[in-house]
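Only one structure is covered here, and it is reproduced in the block below.
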Amino acid sequence: MAGVAEAAAAPGTAGDGRQDGGRGEPKTLWGSSDPRPPAAGPGQPAPQQRTETLGFYESDRGRKKKRSLSDLSLLRFISAELTRGYFLEHNEAKYTERRERVYTCMRIPKELEKLMFFGIFLCLDAFLYVFTLLPLRVFLAMFRFITLPCYGLRDRRLLQPAQVCDILKGVILVICYFMMHYVDYSMMYHLIRGQSVIKLYIIYNMLEVADRLISSFGQDILDALYWTATEPKERKRAHIGVIPHFFMAVLYVFLHAILIMVQATTLNVAFNSHNKSLLTIMMSNNFVEIKGSVFKKFEKNNLFQMSNSDIKERFTNYVLLLIVCLRNMEQFSWNPDHLWVLFPDVCMVVASEIAVDIVKHAFITKFNDITADVYSEYRASLAFDLVSSRQKNAYTDYSDSVSRRMGFIPLPLAVLLIRVVTSSIKVQGVLAYVCVVLFYCGLISLKVLNSIVLLGKSCQYVKEAKMEEKLFNPVLTATPGKTAGKQQSTFKSTQGISTDENGSTSVTNQPVHQMENTPSLLVTSNSDQFLTTPDGEEKDISQDSSELKHRSAKKDLLEIDRFTICGNRID
């Protein structure tokens with residue numbers, strides 16, 4: 001009777017503790033089919049819950065848990081390992097970012113080569129300017145200076161500032177050309193060829209470092225000469241005079257030309273070596289550059305400087321290869337068959353340079369989370385220099401702008417190329433001079449065609465980057481709705497910022513963090529003129545700040561040249 005009573009009290013329970021009513025419902029931890037814990041009655045303590053650890057439940061102290069052998073079998077473990085699954089969408093953002101990085105690395109070669117292609121033609125345009133338009137501009141400036149008494153002195157200047165700079169460039173070019181005749185190229189070649197391979201490798205690395213250092217200082221010397229010669233005379237004299245600056249510029253161009261000649265001679269020795277070991281070592285030096293660049297923190301400004309340096313280095317290498325080919329063809333009496341002997345080595349040097357640049361930029365952008373679209377911004381910044389140099393209020397010549405931006409100074413390289421060409425090619429007879437004139441006309445045609453195409457492409461890039469407003473609007477202007485008192489207070493807050501007559505800004509005696517006060521001077525929307533209350537002024541400043549934040553990257557890129565030390569990050 002007791003068993004029947006127990007069965008009646010628990011109708012869904014079997015005597016052996018198996019499952020209820022044969023329906024296959026498992027028991028819960030509390031001894032019933034209800035998954036919720038039983039509620040405690042009045043005056044009774046709450047039932048103790050058993051915590052779950054790694055799929056098992058802690059058993060009571062007074063009860064021993066029985067485990068079957070199937071729960072601990074090796075087959076079950078192997079089956080779990082073979083059928084275990086996971087879901088990548090649980091961390092979608094991470095894997096999406098990794099995929100974008102792969103796509104960025106795949107886009108880097110195309111975007112980088114587009115920038116390189118545009119930059120090389122910019123350097124070619126500045127380089128051809130020295131041979132084609134500069135002699136004509138010097139001739140026109142001298143003609144104006146000679147015929148000036150016939151027309152009378154209409155203004156206080158004898159010559160325009162651009163004409164003075166052209167004459168100085170032409171005189172420096174001629175003087176350095178005649179000075180290069182005292183440097184014996186053949187003696188230098190045999191002197192370098194007699195050195196060991198390791199010594200030549202060290203010399204070549206030293207020459208690369210010296211070229212970068214002397215380029216940074218040389219452009220300052222030339223700029224100082226141009227400004228000293230064209231500075232208004234009514235100002236107080238704060239310089240040592242035009243003549244000392246002129247001799248400094250001549251000395252710089254001459255020394256830099258000799259340095260490039262030693263580089264070309266070392267490369268020529270590497271080409272003519274029998275086992276090509278020196279050429280291989282010099283090419284491996286490019287891959288060492290990857291180690292020194294990839295594993296460093298780079299910002300957009302630093303990457304812009306590196307891109308400009310790579311453009312300048314690649315164009316300079318092309319000119320050095322041209323000099324090497326000219327010298328070798330002269331030694332073999334201009335035999336066309338020897339050109340095909342040099343062709344594989346030339347292609348190997350060019351291919352290694354391109355491969356190193358692609359690998360270097362791909363990993364720099366990967367490690368620093370920089371998108372491939374940044375190269376379009378760099379190209380737009382270079383195009384802006386070309387377009388702005390064609391404006392009426394331009395403050396510099398385009399060749400000088402390229403020199404500052406990329407560190408490429410065409411005068412020493414032009415002096416060396418003229419020296420090599422005149423010593424390698426002998427002009428004799430009337431027909432030879434006719435060929436020289438035709439060749440010069442072809443160079444002028446190439447320069448004009450290249451300038452037209454570059455100017456059209458530059459206008460297109462500037463419009464795509466929405467930078468055309470910077471060509472016509474001044475950099476710092478006050479908004480029309482601001483009162484005079486507000487303008488004065490704004491200028492007091494930016495006392496360290498000065499503006500020259502051409503609209504370019506300069507910072508004097510101010511820390512870098514105080515540049516944050518300048519957005520109040522930027523041009524804003526027309527709705528600002530209706531904000532007259534103090535709250536409205538605060539809104540105006542906040543709107544200006546947000547506008548500067550969106551445009552700060554492009555604005556800062558226009559102020560970065562090859563030798564600027566960049567410490568601030570552009571977000």
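Quick test for you: out of Val415, Val402, Val420, pick the one residue that is open to solvent by less than 20 Å² (accessible area, probe 1.4 Å) and under 22 Å from the mean Cα position of the chain (by Cα).
The match here is Val402.
If the Cβ limit is 8 Å and pairs must be 6+ apart or interchain, which residue in the stretch 207-222 that is farther than 17 Å from Met261 by Cα pairs with which residue that is small (Gly, Ala, Ser) and modelled with pLDDT of 90 or more?
Ile221/Ala249; Leu222/Ala249
Given (1) outside any loop (DSSP other than H, G, I, E, B); (2) open to solvent by less than 30 Å² (accessible area, probe 1.4 Å); (3) modelled with pLDDT of 85 or more, where does Val183 come up short, assuming only one miss?
Result: Val183 fails condition (1) only.
Can you find, within the stretch 418-434, the residue that is nearest to Leu122 (Cα to Cα) among those that are free of Cβ contacts under 8 Å to residues at least 12 places away in the same chain and in a helix (DSSP H, G or I)?
Thr422
Against the condition loosely packed, with under 14 Cβ neighbours inside 10 Å and either farther than 18 Å from Thr132 by Cα or without any contact (Cβ under 8 Å) to a residue 24 or more places away in the chain (or both), how does Thr396 come out, does it pass?
no
Looking at the stretch 129-141, I want the residues that are more than 14 Å from Ser451 (Cα to Cα) and have a partner that is open to solvent by 60 Å² or more (accessible area, probe 1.4 Å) and not in a helix (DSSP H, G or I) with Cβ atoms under 9 Å, at least 6 apart or on another chain. Which pairs are those?
Ala141/Gln160
Could you check, for the stretch 351-364, whether at least one of its residues is assigned to a loop (DSSP other than H, G, I, E, B), out of contact with any strand residue (DSSP E or B) (no Cβ under 9 Å at 6 or more places or on another chain) and of a type outside the set (D, E, K, R)?
No, there is no match, as no residue in the stretch 351-364 is assigned to a loop (DSSP other than H, G, I, E, B), out of contact with any strand residue (DSSP E or B) (no Cβ under 9 Å at 6 or more places or on another chain) and of a type outside the set (D, E, K, R).
Yes or no: Met261 farther than 26 Å from Pro161 by Cα, free of Cβ contacts under 8 Å to residues at least 40 places away in the same chain and in a helix (DSSP H, G or I)?
In short, no.
What single numbered condition from (1) more than 23 Å from the chain's Cα centre (by Cα); (2) closer than 27 Å to Phe118 by Cβ; (3) part of a loop (DSSP other than H, G, I, E, B) fails to hold for Leu267?
So Leu267 meets the others, but not (3).
Considering only residues that are over 20 Å from Val415 (Cβ atoms) and open to solvent by 50 Å² or more (accessible area, probe 1.4 Å), which ones fall in the stretch 245-283?
His274, Asn275, Lys276, Thr280
Find the residue count for the stretch 319-345, including only residues that are free of Cβ contacts under 8 Å to residues at least 60 places away in the same chain and farther than 12 Å from Asn268 by Cβ.
Counting residues in the stretch 319-345 that are free of Cβ contacts under 8 Å to residues at least 60 places away in the same chain and farther than 12 Å from Asn268 by Cβ gives 12.
Okay, residues lined up against (1) among the acidic types (Asp, Glu); (2) within 23 Å of Ser403 (Cβ to Cβ):
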site	(1), (2)
Arg193	no, no
Glu208	yes, yes
Phe217	no, yes
Ala224	no, yes
Trp227	no, yes
Val262	no, yes
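If you check Leu173 against the conditions, is it among the aliphatic types (A, V, I, L, M) and touching a helix residue (DSSP H, G or I) at 6+ places or on another chain (Cβ under 8 Å)?
yes
So which of Ile354, Ile290, Ile364, Ile358 is touching a Pro at 6+ places or on another chain (Cβ under 8 Å) and more than 30 Å from His190 (Cα to Cα)?
Going through Ile354, Ile290, Ile364, Ile358 in turn, just one is touching a Pro at 6+ places or on another chain (Cβ under 8 Å) and more than 30 Å from His190 (Cα to Cα): Ile358.
Answer yes or no as to whether Leu159 is open to solvent by less than 80 Å² (accessible area, probe 1.4 Å), part of a loop (DSSP other than H, G, I, E, B), under 23 Å from Val250 (Cα atoms) and among the hydrophobic types (A, V, I, L, M, F, W, C).
Answer is yes for this residue.
Can you name every residue in the stretch 365-396 that is outside any helix (DSSP H, G or I), among the hydroxyl-bearing types (Ser, Thr, Tyr) and under 20 Å from the mean Cα position of the chain (by Cα)?
Thr371
In the stretch 435-451, what residues are without any contact (Cβ under 8 Å) to a residue 12 or more places away in the chain and either among the polar types (S, T, N, Q) or touching a helix residue (DSSP H, G or I) at 6+ places or on another chain (Cβ under 7 Å) (or both)?
Result: Ser445, single match.
The values are calculated or read from the model by the stated rules, or taken from the named source; none is laboratory data. Bear in mind that the values here come from a model prediction, so they are computed numbers and not experimental data. When we count neighbours, we look across all protein chains shown, and the Cβ atoms used for this are built from the backbone with ideal geometry, even at glycine. Heads up: the accessible areas ignore ligands, DNA and RNA and are worked out on the full protein's heavy atoms, side chains in. Shrake-Rupley method; radii C 1.70, N 1.55, O 1.52, S 1.80 Å.
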